[in-house]
Amino acid sequence: MSNNPILHSTIKGEGKPLLILHGYFGMSDNWKTLGNQFAKDYQVHLIDQRNHGRSFHEDEFNYEVLVEDLYNYIQHYQLEKVDIIGHSMGGKTAMLFAVTYPELVDKLIIVDISPRMYQPHHNAILAALNSIDFSLENTRTLVDKKLSGLIPDFGVRQFLLKNVYWKEKGQLAFRFNLESLTENNAEIGEALPSFTVFEKETLFLKGEKSEYITKEEKPIIEAHFPNSRIVEIKNAGHWLHAENPKQFYAEVSEFLK
């Protein structure tokens with residue numbers, strides 16, 4: 001492997017590059033449907049961040065290395081003036097990337113996350129995932145059954161189960177690097193560094209039922225992103241792109257025009 005392994009991605013369509021970054025425990029596949037829609041007008045890059053999806057696994061995991069991974073990816077494909085959509089953890093990566101390499105970014109879309117610090121709150125999910133023993137839970141049904149005792153929310157379980165795959169015949173595994181995510185869980189809530197600013201157009205999308213972006217966040221968003229606005233996606237929580245894809249697509253398309 002070279003010093004800089006390149007993130008796994010699916011590239012669709014042609015035109016101006018639009019990079020899409022998934023959230024924590026997610027993967028590029030979560031964005032397939034919307035990616036296909038955007039691919040009518042853009043060259044869409046559905047990216048797996050390190051330790052997620054089909055990308056490489058590394059012990060090190062924080063926003064600095066996620067930004068460098070994205071930088072290496074952009075250099076590898078010789079992209080310029082990219083637009084970026086980042087959801088949750090992907091939004092944090094996108095924000096830090098934009099303030100670090102503003103010359104590489106044109107427009108920024110941040111989905112249901114703000115620059116502030118968030119307390120680590122995935123402990124229950126990590127505990128549930130770490131309780132899986134694939135030699136015992138050797139079918140998806142058994143994995144779901146084990147998780148259901150610890151994660152009652154069906155939607156969250158379905159989202160996590162997308163990461164279960166057949167590593168080899170008869171052997172299930174998680175696509176994400178659970179060891180590193182468990183070890184570095186506190187990194188996910190990290191704030192954008194103080195006094196960092198991205199001057200270009202930025203759109204923040206918040207879920208109507210989500211608590212990730214509230215009125216309290218407006219000042220910190222404006223401090224880092226003076227040229228930004230916040231739009232609410234109706235009838236949607238944190239996974240707004242999945243819960244109201246129609247309005248999501250409309251808002252993003254209008255903004256990118």
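The magnitude of the dipole of the range 113-190, with charges of +1 and -1 set on the Cβ of Lys/Arg and Asp/Glu and taken from the Cα centre, is near 340 debye.
Largest first, the three principal axis extents of the alpha carbons in the chain are 52, 42, 35 Å in whole numbers. Assuming charge only on the beta carbon of Lys and Arg (+1) and of Asp and Glu (-1), the dipole of the range 101-235 about its Cα centre is about 560 debye to the nearest 20.
Under the simplified labelling scheme, the N138-V156 pair shows an inter-label distance of 3.0 nm, with each label point 7 Å from Cα along Cα→Cβ. Taking θ as phi - 60° and the Karplus parameters 6.51, -1.76 and 1.60, the scalar couplings of the range 40-50 work out to 5, 10, 9, 8, 8, 10, 8, 10, 8, 6, 3 Hz in sequence order, x denoting glycine and proline.
The range 141-257: Rg/Rh from Cα coordinates, Kirkwood Rh?
Values: Rg = 18.5 Å, Rh = 17.4 Å.
So for the range 141-257, dividing Rg by the Kirkwood Rh gives 1.06.
In whole percent, and with a 1.4 Å probe on the protein chains, what portion of the accessible area of the range 135-257 is carbon and sulfur? About 53 percent, which is the carbon plus sulfur part of the accessible surface. Between beta-carbons, use under 14 Å as the cut-off and find the net charge around V143, counting Lys and Arg +1, Asp and Glu -1. Result for the neighbourhood of V143: +4. State which entries of K107/K234; K92/K257; K12/K215 exceed 31 angstrom in Cα-Cα distance in the structure shown. Pairs exceeding the cut-off: K12/K215.
Take each of the peptides 127-138, 234-245, average the number of other beta-carbon atoms within 10 Å over its residues, and list them starting from the highest. Don't skip to the answer; put the middle values down first.
Numbers: 127-138: 14.1, 234-245: 18.7.
My ranking of the peptides, most packed first, is 234-245, 127-138.
Legend: Rg and Dmax of the range 13-88, from Cα coordinates, 12.2, 37 Å.
Whole-Å semi-axes of the range 82-202's equivalent ellipsoid, largest first, each the root of 5 times a Cα gyration tensor eigenvalue? The partial results should precede the final answer.
Numbers: eigenvalues 238, 47, 30 Å².
Each semi-axis is √(5λ); the values are 34, 15, 12 Å.
Among the GluC sites (Glu not before Pro) found in the range 51-118, those both in a DSSP coil and sparsely packed, with 14 or fewer other Cβ atoms within 10 Å of their Cβ, are E58, E60, E80. In deg cm²/dmol, rounded to 500, what helix-only [θ] at 222 nm does the chain give when every DSSP H run of at least 4 residues adds -39500 (n - 2.57) and the total is split over its residues? Rounded to the nearest 500, it is -9500 deg cm²/dmol.
In a DSSP loop and with at most 13 other Cβ atoms within 10 Å, there are no trypsin sites (Lys or Arg not before Pro) in the range 101-160.
Find, among the trypsin sites (Lys or Arg not before Pro) in the range 51-101, those assigned to loop by DSSP (not H, G, I, E, B) with at most 15 other beta-carbon atoms within 10 angstrom. Display every interim value, and only then the final one.
Numbers: sites: R54, K81, K92; in loops: R54, K81.
In loop regions of the range 51-101 (DSSP not H, G, I, E or B), the sparsely surrounded trypsin sites (Lys or Arg not before Pro) are R54, K81.
In the context of the full set of protein chains, the chain has a per residue accessible area of 47 Å² (1.4 Å probe).
The convex hull drawn around the Cα atoms of the range 122-176, when projected onto a plane and averaged over every direction, covers 3.4 nm². With the convex hull drawn over the C-alpha atoms of the range 1-130, the volume per residue is 116 Å³.
What's the whole-number percent of alpha carbon pairs in the range 181-224 lying beyond 16 angstrom?
Values: 510 of 946 pairs.
When all Cα pairs of the range 181-224 are counted, 54 percent exceed 16 Å.
For the Cα atoms of the chain, what angle does the longest principal axis make with the long axis of helix 245-256, in degrees from 0 to 90, nearest 10? Taking Cα atoms only, the helix is inclined about 30 degrees.
The values are calculated or read from the model by the stated rules, or taken from the named source; none is laboratory data. Owing to the predicted nature of the structure, the values given are computational and were not obtained by experimental measurement. Ideal geometry is used to build each Cβ from the backbone, glycine not excepted, and the neighbour counts take in all protein chains shown. Ligands, DNA and RNA are excluded from the accessible area calculation, which covers all protein heavy atoms including side chains. Shrake-Rupley method; radii C 1.70, N 1.55, O 1.52, S 1.80 Å.
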